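All remarks here apply to the structure that follows.
The values are calculated or read from the model by the stated rules, or taken from the named source; none is laboratory data. Given the structure is predicted, the values throughout are model-derived calculations rather than measurements. When we count neighbours, we look across all protein chains shown, and the Cβ atoms used for this are built from the backbone with ideal geometry, even at glycine.
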Amino acid sequence: MKVINVLAVLALLVMGMAVYTNPTREQYIMWLKSRSGESGPGVLGVMTSAVQPVVIDGTTLSRNYLFFSVYQTRLIGGEVTALGAFGGFLELGKAEPSEAPSFPEKAPGSPGTADR
């Protein structure tokens, strides 16, 4: 019986630590900004450091699942998906521009397009 109680307490402690150390969106932006230099020149590489957080924030979709968060950032250079947990990030996938889902093109004559 004591083993079950100890395991239950340990599980609650781990879950509490996961909730407490779940990274914020701002931490994700700083992490992705720091990784932009590692991946070589790209869209983020040519931007000034003052502009990068604004662009990353505007193109990021975040989902918080209490114990962890999933972040998806879509840029011209591709798409990055990362898992945030226990104060760190794990890159789940990186799609190149040709693999990244594209936005549908507007039909001719629709609002926002110019007829040629």
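Scanning the stretch 1-31 for residues that are touching a Leu at 6+ places or on another chain (Cβ under 8 Å) and among the polar types (S, T, N, Q) returns a single hit, ASN22.
Within the option set THR81, THR113, being modelled with pLDDT under 90 and among the β-branched types (Val, Ile, Thr) holds for one residue only, THR113. The residue that is modelled with the highest pLDDT, counting only those in the stretch 48-61 that are surrounded by 17 or more Cβ atoms within 10 Å (Cβ to Cβ) and either over 12 Å from TYR28 (Cα atoms) or not β-branched (Val, Ile, Thr) (or both), is VAL55. Residue count for the stretch 64-85, restricted to those that are exposed (fewer than 15 other Cβ atoms within 10 Å of the Cβ) and closer than 21 Å to VAL14 by Cβ: 3.
A Cβ distance below 7 Å, combined with a sequence gap of six or more or placement on separate chains, defines the contacts here; from the stretch 2-19, residues that are closer than 22 Å to GLY88 by Cβ reach residues that are among the small types (Gly, Ala, Ser) in the pairs ALA18/ALA85.
If only residues of the stretch 86-97 that are surrounded by 14 or more Cβ atoms within 10 Å (Cβ to Cβ) and farther than 10 Å from TYR28 by Cβ are counted, the one that is modelled with the lowest pLDDT is ALA95.
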